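The values are calculated or read from the model by the stated rules, or taken from the named source; none is laboratory data. Here the structure is a predicted model, which is why all the values come from computation and not from measurement. Using ideal geometry, Cβ is built from the backbone for each residue, glycine included, and neighbour counts are taken over all protein chains shown. For the accessible areas, the whole protein counts, side chains as well, though only heavy atoms, and no ligand, DNA or RNA atoms are used. Shrake-Rupley method; radii C 1.70, N 1.55, O 1.52, S 1.80 Å.
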Amino acid sequence: VHGLVGSVGMALSTERMTYDTFFHAADEAMYRMKYRNKGHNEEIVVQDLAERDFERQILFSHAFGIVLRIDLDKGTYHIRYGSHAVGTDIPPSGPYEKFIRSGLSRVIPEDRESLLKTIALPRLIEAFERGENELFCEVRVKKAKNDLIWIRSGFRFLRTAGRRLAYHILSDVTESRK
């Protein structure tokens, strides 16, 4: 069988934004729908204005990373930006502990313990309750052909509409480590 298959991402905005930002939103929408069409169920996240502004601030200060929204009360995550960069073995949403387990194998053994101490859900809740604004660590991650890159795993916290949220920002900081 021969044929042509295509995908289209669509985005709608009532706000002014750059072409790149708008294109990125359409691209993210396309990948989310592809994932959902493969039988996965993704939670639709409705955000209030404070959360949306907070998320944009994180996105634009970490434009080349991956951003996850973690609901500290439910213990779930949702990849808000960069889902195309994490690969197909990690779903765009689900239980946060499952996200940790799926990504841990890529971290070199010497860095796993310090990473787990930083990113475990009880640690995030503890940091949130103490009023910490930010929490982070840097670890080495294996890429193809045993190349190593440095990843900064950072968290910012937000309380909005009675919810306790953490935003997990994964950024490649290899160049700054040279």
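The table for this structure:
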quantity: Any hit, region 159-169, residues being closer than 20 Å to S114 by Cβ and aliphatic (A, V, I, L, M); calculated: yes
quantity: Top-ranked residue of region 91-114 - restricted to ones that are within 21 Å of N146 (Cβ to Cβ) and touching a helix residue (DSSP H, G or I) at 6+ places or on another chain (Cβ under 7 Å), ranked as least open to solvent (accessible area, probe 1.4 Å); calculated: V107
quantity: Neighbours by Cβ (under 7 Å, 6+ apart or cross-chain): first from region 110-133, of a type in the set (D, E); second surrounded by 14 or more Cβ atoms within 10 Å (Cβ to Cβ); calculated: D111/V139; D111/R140; E132/F157
quantity: Region 64-84 - residue that is over 24 Å from E129 (Cβ atoms) and surrounded by 13 or more Cβ atoms within 10 Å (Cβ to Cβ) and, of those, modelled with the lowest pLDDT; calculated: H84
quantity: In region 128-178, the residues that are of a type in the set (V, I, T) and either modelled with pLDDT of 90 or more or within 22 Å of S105 (Cβ to Cβ) (or both); calculated: V139, V141, I149, I151, I169, V173, T174
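So that you can scan it fast, the table gives a plain yes or no per residue for (1) in contact with a Phe, Trp or Tyr (Cβ under 7 Å, 6 or more places away or on another chain); (2) more than 17 Å from G82 (Cα to Cα); (3) in a helix (DSSP H, G or I):
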| position | (1), (2), (3) |
| --- | --- |
| E110 | no, yes, yes |
| G131 | no, yes, no |
| V139 | no, yes, no |
| A166 | yes, no, no |
